[in-house]
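Every read-out reported here was derived from the displayed coordinates using simple, explicitly stated rules and does not represent laboratory data. Source: prediction; values computed, not measured. Cβ: placed from backbone, ideal geometry, glycine included. Neighbour counts: every protein chain shown.
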Amino acid sequence: MRKKVTIVCDGSSLGNGTKAPRAGASAILEYKGRQRILGEFLGSSTNQQAEIVAACLGLEALKEPCHVEVISDSQYVVKTMTGLFKRKANLDLWKRLDTAAKPHRIDWTWTRGHAGHPIQEKCDDAARLIAETGKVDQASIDRILEN
């Protein structure tokens, strides 16, 4: 029987659509009431790219095939992964996500961003912090998770 894991993920691109965006991605994994937060700084990337990478981060952290609920505030990610949107751009990132998703049974769930989902709000805070600072400071994102 596969472990049941929940992954909440979010991406943030400050200056999205400008010449110099700064993007960060984060994912919070939950298994049996225990949580772990991960992040990645993407440099000059769009919000959509950061959202895809956030989902990758969570899935890539799993060490065995699991039954996963991936919760994202990105309709772009959820609808693409459920076949409702066609892939027209970011093909390298979709390939990365496909590879990360392949061993798992995944339920893709959309949640409205900034609507009071407590774990999603923490994930958003972490992604924004990573984008602002230009790095992943594990102690800082751990504090976001703990508060």
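Remarks
- Convex hull (Cα only) mean projected area of the chain, reported in nm² to one decimal: 8.4 nm²
- When you restrict to C-alpha pairs under 8 Å that are six or more residues apart and normalise by the size of the chain, the relative contact order lands at 32 percent.
- Peptides ranked, highest mean first, by Cβ atoms within 10 Å: ranges 60-71, 1-12, 89-100: 1-12, 60-71, 89-100
- Unit charges on C-beta of K, R, D, E only; dipole of the chain, Debye: 500 debye
- Per-residue ellipticity at 222 nm from helix content only, as computed over the chain with -39500 (n - 2.57) for each DSSP H run of at least four residues, stands at -12000 deg cm²/dmol.
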